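These notes are about the structure you will find just below.
The values are calculated or read from the model by the stated rules, or taken from the named source; none is laboratory data. Quick caveat, the model's predicted, so the values are computed rather than measured. Reconstructed Cβ throughout: ideal geometry from the backbone, glycine too, with neighbour counts over all protein chains shown. Please note that ligands, DNA and RNA were not included when accessible areas were found on the heavy atoms of the full protein model with its side chains. Shrake-Rupley method; radii C 1.70, N 1.55, O 1.52, S 1.80 Å.
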Amino acid sequence: MEGQSRPLLIVDGANVVGSVPDGWWRDRRGAAERLRDSLAGIAAAGLPEGGGAPSWACGGPLEVLLVVEGAARGVAEVPGVRVASATGSGDDLIVRLAAAEGPSTGRRCLVATADRELRSRLTALGAAVVGPRTVRPR
(Lines give C-alpha, C1' and ligand atoms only; values in the text may rest on other atoms or scores of the structure.)
Protein backbone atom coordinates (compact mmCIF):
# COMPACT_ATOMS: atom_id res chain seq x y z
CA MET A 1 0.00 0.00 0.00
CA GLU A 2 1.33 3.43 -1.00
CA GLY A 3 0.52 5.05 2.37
CA GLN A 4 2.68 2.64 4.31
CA SER A 5 5.81 4.65 3.50
CA ARG A 6 4.21 7.62 5.25
CA PRO A 7 4.00 7.83 9.03
CA LEU A 8 0.67 6.67 10.44
CA LEU A 9 -1.53 8.92 12.57
CA ILE A 10 -4.29 7.06 14.42
CA VAL A 11 -6.95 9.29 15.96
CA ASP A 12 -9.08 8.11 18.89
CA GLY A 13 -12.26 9.70 17.55
CA ALA A 14 -14.39 9.38 20.69
CA ASN A 15 -11.65 10.80 22.89
CA VAL A 16 -10.75 13.69 20.59
CA VAL A 17 -14.39 14.64 19.91
CA GLY A 18 -15.16 14.41 23.64
CA SER A 19 -12.25 16.67 24.59
CA VAL A 20 -14.24 19.83 23.86
CA PRO A 21 -17.74 20.40 25.31
CA ASP A 22 -19.24 21.81 22.11
CA GLY A 23 -22.49 19.83 22.10
CA TRP A 24 -21.04 16.75 20.39
CA TRP A 25 -23.25 14.50 22.53
CA ARG A 26 -26.34 15.71 20.64
CA ASP A 27 -24.95 14.40 17.33
CA ARG A 28 -22.06 11.98 17.85
CA ARG A 29 -21.94 10.91 14.21
CA GLY A 30 -21.97 14.51 12.96
CA ALA A 31 -19.18 15.39 15.39
CA ALA A 32 -17.10 12.46 14.12
CA GLU A 33 -17.73 13.55 10.52
CA ARG A 34 -16.57 17.10 11.30
CA LEU A 35 -13.42 15.70 12.91
CA ARG A 36 -12.84 13.40 9.92
CA ASP A 37 -13.17 16.34 7.53
CA SER A 38 -10.68 18.43 9.52
CA LEU A 39 -8.17 15.56 9.47
CA ALA A 40 -7.98 15.62 5.65
CA GLY A 41 -5.76 18.71 5.83
CA ILE A 42 -3.45 16.98 8.30
CA ALA A 43 -3.17 14.00 5.95
CA ALA A 44 -1.94 16.27 3.17
CA ALA A 45 0.34 18.62 5.12
CA GLY A 46 1.20 16.86 8.38
CA LEU A 47 0.81 18.36 11.81
CA PRO A 48 1.91 21.92 12.60
CA GLU A 49 5.33 22.32 14.16
CA GLY A 50 5.36 23.40 17.78
CA GLY A 51 2.09 21.67 18.61
CA GLY A 52 3.59 18.81 20.59
CA ALA A 53 3.91 16.26 17.79
CA PRO A 54 7.24 14.62 16.98
CA SER A 55 9.14 16.40 14.19
CA TRP A 56 8.68 13.42 11.84
CA ALA A 57 4.90 14.00 11.92
CA CYS A 58 5.17 17.69 11.00
CA GLY A 59 5.34 19.35 7.62
CA GLY A 60 4.79 16.30 5.44
CA PRO A 61 1.98 13.96 4.46
CA LEU A 62 0.66 11.40 6.93
CA GLU A 63 -1.62 8.45 6.54
CA VAL A 64 -4.56 9.25 8.83
CA LEU A 65 -6.76 6.58 10.38
CA LEU A 66 -9.76 7.71 12.44
CA VAL A 67 -11.19 5.13 14.84
CA VAL A 68 -14.87 5.59 15.67
CA GLU A 69 -17.23 3.66 17.93
CA GLY A 70 -20.78 3.63 19.21
CA ALA A 71 -23.17 6.05 17.48
CA ALA A 72 -20.34 7.27 15.23
CA ARG A 73 -19.81 3.83 13.67
CA GLY A 74 -20.28 3.80 9.93
CA VAL A 75 -18.78 7.23 9.26
CA ALA A 76 -17.52 7.11 5.67
CA GLU A 77 -13.93 7.59 4.59
CA VAL A 78 -12.88 10.68 2.65
CA PRO A 79 -9.76 11.16 0.53
CA GLY A 80 -6.80 11.16 2.90
CA VAL A 81 -8.64 9.75 5.92
CA ARG A 82 -9.35 6.06 6.47
CA VAL A 83 -12.05 5.25 9.01
CA ALA A 84 -12.18 2.11 11.17
CA SER A 85 -15.41 1.39 13.05
CA ALA A 86 -14.97 -0.50 16.32
CA THR A 87 -17.64 -3.10 16.95
CA GLY A 88 -16.39 -3.49 20.52
CA SER A 89 -13.82 -1.44 22.40
CA GLY A 90 -12.37 1.43 20.39
CA ASP A 91 -9.25 1.32 22.57
CA ASP A 92 -8.67 -2.34 21.76
CA LEU A 93 -9.05 -1.65 18.04
CA ILE A 94 -6.57 1.23 18.24
CA VAL A 95 -4.03 -1.04 19.93
CA ARG A 96 -4.57 -3.77 17.31
CA LEU A 97 -4.14 -1.27 14.48
CA ALA A 98 -1.01 0.23 15.99
CA ALA A 99 0.44 -3.26 16.49
CA ALA A 100 -0.40 -4.35 12.94
CA GLU A 101 0.56 -1.20 11.04
CA GLY A 102 2.95 0.66 13.31
CA PRO A 103 6.41 0.29 14.85
CA SER A 104 6.57 -3.51 14.64
CA THR A 105 6.57 -3.10 10.85
CA GLY A 106 9.26 -0.42 10.96
CA ARG A 107 6.73 2.34 10.40
CA ARG A 108 6.42 5.42 12.58
CA CYS A 109 3.08 5.62 14.36
CA LEU A 110 1.51 8.49 16.29
CA VAL A 111 -1.78 8.20 18.17
CA ALA A 112 -3.93 11.12 19.31
CA THR A 113 -5.71 10.36 22.59
CA ALA A 114 -5.87 11.58 26.18
CA ASP A 115 -6.79 8.17 27.58
CA ARG A 116 -4.02 7.33 30.09
CA GLU A 117 -4.44 3.56 30.01
CA LEU A 118 -4.52 3.55 26.21
CA ARG A 119 -1.42 5.76 26.09
CA SER A 120 0.54 3.27 28.19
CA ARG A 121 -0.57 0.35 26.03
CA LEU A 122 0.53 2.23 22.90
CA THR A 123 3.91 3.39 24.17
CA ALA A 124 4.64 -0.23 25.13
CA LEU A 125 4.25 -1.01 21.41
CA GLY A 126 6.65 1.78 20.46
CA ALA A 127 4.02 4.23 19.22
CA ALA A 128 4.28 7.94 20.00
CA VAL A 129 1.26 9.61 21.61
CA VAL A 130 -0.10 13.16 21.58
CA GLY A 131 -3.14 14.76 23.18
CA PRO A 132 -6.37 15.70 21.42
CA ARG A 133 -5.44 19.37 20.98
CA THR A 134 -2.74 18.36 18.54
CA VAL A 135 -5.34 17.26 15.98
CA ARG A 136 -8.36 19.40 16.91
CA PRO A 137 -9.36 22.12 14.44
CA ARG A 138 -8.19 25.49 15.63
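Of the accessible area of the range 15-131, with the probe set at 1.4 angstrom, what percent is carbon plus sulfur?
Whole-percent figure for carbon plus sulfur exposure: 50.
With each run of n ≥ 4 DSSP H residues scored as -39500 (n - 2.57), what mean residue ellipticity at 222 nm is computed for the chain after dividing by its residue count and rounding to the nearest 500 deg cm²/dmol?
Calculated at 222 nm, the ellipticity per residue is -10000 deg cm²/dmol.
State the dimensionless ratio Rg/Rh of the range 1-84 (Rg: radius of gyration of Cα atoms; Rh: Kirkwood radius).
0.98
Just to verify a number: FRET efficiency for Arg136 and Thr87, C-beta to C-beta distance, R0 = 22 Å, to 0.05?
With a Förster radius of 22 Å, E is 0.25.
Give the long-range amide H neighbours of Ala84: residues separated by 5 or more places, or on another chain, with amide H under 5 Å away, using H modelled in the peptide plane at 1.01 Å from N.
Here the answer is Leu66, Val67, Val68, since their amide H atoms fall under 5 Å of that of Ala84.
How much accessible area per residue does the range 1-125 have, counting only protein heavy atoms and a probe of 1.4 Å, in square angstrom?
Per residue, the range 1-125 has an accessible area of 48 Å².
Hey, rough spin-label estimate for Trp25 and Leu125, points 7 angstrom out along Cα→Cβ, what's it come to in nanometres?
Label-label distance for Trp25 and Leu125, simple model: 2.9 nm.
Could you give me the ³J(HN,Hα) list for the range 42-49, computed from phi with Karplus coefficients 6.51, -1.76, 1.60 and θ = phi - 60°, whole Hz, x at Gly and Pro?
After applying 6.51 cos²θ - 1.76 cosθ + 1.60, I find 5, 4, 6, 10, x, 7, x, 5 Hz.
Multiply the residue separation of Ala40 and Trp56 by 0.36 nm, subtract the distance between their alpha-carbon atoms, and state the gained length in nm to one decimal.
Length gained, Ala40 through Trp56: 4.0 nm.
Amide H of Cys109 versus every other amide H placed in the peptide plane: which residues, excluding those fewer than 5 positions away on the same chain, fall under 5 Å?
Here Leu8, Ala128 satisfy the definition.
From zero up to wherever the largest Cα-Cα distance of the range 34-138 sits, split into 10 Å bins and tell me the percent of pairs in each.
Values per bin, smallest distances first: 15, 49, 34, 2.
Give a quick list of GluC sites (Glu not before Pro) in the range 39-87 that DSSP marks as loop, anything other than H, G, I, E or B, with at most 11 other Cβ atoms within 10 Å.
Glu49
Using the Karplus curve 6.51 cos²θ - 1.76 cosθ + 1.60 with θ = phi - 60°, what ³J(HN,Hα) values do you get for each residue of the range 12-18, in whole Hz, with x for Gly and Pro?
For the range 12-18, the Karplus-derived couplings read 6, x, 4, 6, 5, 4, x Hz, x marking Gly and Pro.
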